[in-house]
Amino acid sequence: MNNRIKVLPDSVANQIAAGEVVQRPASVVKELLENAVDAGATEITLNVKDAGRSLIQVMDNGDGMSEIDARLCMERHATSKIKDVNDIFRISTMGFRGEALASITAVSQSEIKTKTDEDELAIVIKMSGNEVQSQESETGNKGTRISVKNLFFNVPARRNFLKSNNVEYRHILESFQQISLTRPDVAFRMFNNDKEVYRLDKSNLRQRIIQLFGKRFNERLVPIKESLDLVEISGFVGKPDFATAKRGEQFFFVNDRYIRSPYFHHAVMQAYEDLLPGDSYPQYFIYLKVDPAQLDVNIHPTKTEVKFVEEKSIYAVLRTTIRQSLGKFNIAPTLDFERETAFDSPTFDKKRSISIPQITVDKKYNPFKTDTVLVQKSPRSNENLRYAQSLYEHASPEEKKEASLELPDEDNGRPGSKIIQLHNKFILTHLKTGFMVIDQHRAHQRILYDSFVDSNQEQPSQQLLFPTLIELSRADFDLVKEQIEELKSLGFSVEIFGKDSISVNGIPVGCAENEIEPVFMSIIEVLKSEGKKKKNIRDRLAMQLAGNLAIPAGRTLEEKEMVDLVDRLFACEMPFSLPSGKPIVITLPLDDLNKRFQY
Ligand code: ADP
Ligand code: MG
């Protein structure tokens, strides 16, 4: 019998391996840029021609390679990043496999020029596939330049598989963006057919994002930060009202490498729940740091998919961190004359059946007059303002001018000073760079809602001299019986009275006595519609009650009342919208006013 097993020649083996690593020009760009960064370069230039078909060249001022290393680096499994068996661990954590250069050179005509600090001259090696064509010495600076010409010249099947230049070029841009976002402290330049596309100076992350995607990003970015043993999270997310109809700038990095993660994407989208209009996509630039032992990078040949051991916990942390940042920082919609949708509220969950009668409470009731429980100075208020301001701390003075929301100077006091009521419905107050309009009813509703759902806060209950008896249908009676504790937590003290009646002995502060029955009935409506979804019940009850008790539209407010309201609103974690996503605050930046007046 003939031997049928043949050992493939190295050149063929390399071509096969190349198929894994080098799928298209953009993969070459990624590997070469990564190597340049790994070599400690502070300036890196990328040149592409014909969407990378005829040339991909990366030039860096990193450490360079010795002659021996330069010859070796194109061999498979040649890597300087793993020195002994102990380092093998790093293979799976950082993805160093010594495969990229071997794979790239196997399917192209390449040239490496490289020089270390110690060497006098640079080495230049020319290759065609795996064949070394020539090796020379030349003068040159410290660093490495790798030129990859005629990609897939010897693998026509792959070459034919490439998409249009436009598509391939877009992938190259993405690779460039991904790598340059991992290292804002490194200067990057990119040329396409000799035309400069990007010139990214050494800078910080915010500036890098702006350099890549445009100045308009400055006002869009909300910083995120969390530091736990499990994971460290940093970076920026886009304000909800800048979400775009097309899926745009969305980036995850783990330990400074770009990854794709549909799972974590889902966590981000959860954080934006109720804040995004319709089918729109927020921007995000999220950096995760985890113990490398918690990762397995090698599940994907190009290493963009990563498996996390503690995936579920990280999901939860990520979601909460983003949600909180969106609340703390200004996510108020800005009044934008160029967008007709400026006043559109984010979509409401239409599946929710809401059949609750709206009840207007005693119009003469004034929450500020007698009640000292509700009007409490909040330490968080100032903190919130400071948060909002810190948004711009990283910004240069020039950027600061562009920022859409800045709060008034110290000497102008809080944003509550210089305050006007419009149509007994809206509160108008100035910002350092514009003004904001606050819906008085929703503002108060947000404040009350937060205090109702705050489990640390015992709800004050106003005891009634004469308990109110309410007769209920059998079904309603059962519902109430079941939820007596929930009701108590909202400030209703309720007792069973006979077979089908309840006695209301205490009511939430702010509820007028003559409104007890209608308010209570509206609460029962919520119990009816949400009764089975135990999880939501508290939130829905709180929302309903807050809606009932909040200052209605149509009430005239005194200046002091407005100041208090604004103050307490900004003490809330999410002052800019209701849980339903409906806006509470709309800002109008001075810049937009100027534009409007054609300054
Ligand atoms: P890996 O990055 O996984 O080590 P590569 O095939 O990408 O494998 O690179 C092989 C080796 O070549 C690297 O470990 C490094 O020693 C060397 N090398 C590649 N590119 C550069 C560069 N731009 N500057 C200095 N050394 C480089
Ligand atoms: Mg590499």
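Each value in this text was obtained by applying a stated rule to the coordinates, not by laboratory testing. Remember, it's a predicted structure, so these values are computed and weren't measured experimentally. Cβ coordinates were reconstructed from backbone atoms using ideal geometry, including for glycine residues, and neighbour counts include every protein chain displayed.
Output the peptides 225-232, 254-261 sorted from most to least packed, where packing is the average of other Cβ atoms within 10 Å over each peptide's residues.
254-261, 225-232
Using each residue's phi in the stretch 43-53, evaluate 6.51 cos²θ - 1.76 cosθ + 1.60 at θ = phi - 60° and report the 3J(HN,Hα) Karplus result to the nearest Hz, with x for Gly and Pro.
9, 9, 10, 10, 10, 10, 10, 6, 6, x, 5
First check a/c for the stretch 174-330, with a ≥ b ≥ c the square roots of the eigenvalues of its C-alpha gyration tensor; if it is under 1.5, answer rounded, and if not, answer prolate when a/b is larger than b/c or oblate otherwise.
Judged from the Cα gyration tensor, the stretch 174-330 comes out oblate (a/c at least 1.5, b/c at or above a/b).
Would you mind ranking D450, D185, D478 by Cβ crowding within 10 Å, fewest neighbours first?
So the residues, fewest neighbours to most, are D185, D478, D450.
Could you work out the local net charge near Q177, counting Lys and Arg as +1, Asp and Glu as -1, over the other residues with Cβ closer than 10 Å to its Cβ?
Taking every Cβ under 10 Å from that of Q177, the sum is -1.
Report the local net charge at E311: Lys and Arg +1, Asp and Glu -1, summed over other residues whose C-beta lies under 15 Å from its C-beta.
Charge balance near E311 sits at 0.
Among 452-458, 69-75, 272-278, what's the highest-first ranking by average C-beta atoms within 10 angstrom per residue?
Per-residue mean Cβ counts within 10 Å order the peptides as 69-75, 272-278, 452-458.
Between A122 and residues 5 or more places away or on another chain, which pairs have amide H atoms under 5 Å apart, with H built 1.01 Å from N, and which residues are they?
So A122 has HN proximity to E138, T139, G140.
Take every Cα pair under 8 Å in the stretch 472-574 that's 6+ residues apart, average their separations, divide by the length, and report that relative contact order as a whole percent.
20
Net charge around Q294, counting only other residues with Cβ within less than 10 Å of its Cβ (Lys, Arg = +1; Asp, Glu = -1)?
Net of charged neighbours comes to -3.
In what order do I125, I537 fall by count of nearby beta-carbon atoms within 10 Å, going from fewest to most?
I537, I125
Give me H444, H171 sorted ascending by neighbouring Cβ count inside 10 Å, so fewest comes first.
In increasing order of surrounding Cβ atoms, one gets H171, H444.
Of the beta bridges DSSP finds with both residues in the stretch 237-300, what % are antiparallel, to the nearest 5?
So the antiparallel bridges amount to about 50 percent of the total.
Residues with amide H under 5 Å of Q462's amide H, sequence separation 5 or more or different chain, H placed in the peptide plane at 1.01 Å from N; which?
I507, V509
List, in the order given, every pair from K328/K528; K239/K307; K202/K289 whose Cα-Cα distance in the structure shown is over 24 Å.
Going by Cα-Cα distance, K328/K528; K239/K307 fall outside the 24 Å limit.
Explain nothing, just compute: Karplus ³J(HN,Hα) = 6.51 cos²θ - 1.76 cosθ + 1.60, θ = phi - 60°, for every residue of the stretch 172-184 in order, whole Hz, x for Gly and Pro.
With the stated coefficients, the stretch 172-184 comes to 5, 4, 4, 4, 4, 4, 4, 6, 5, 6, 6, 9, x Hz.
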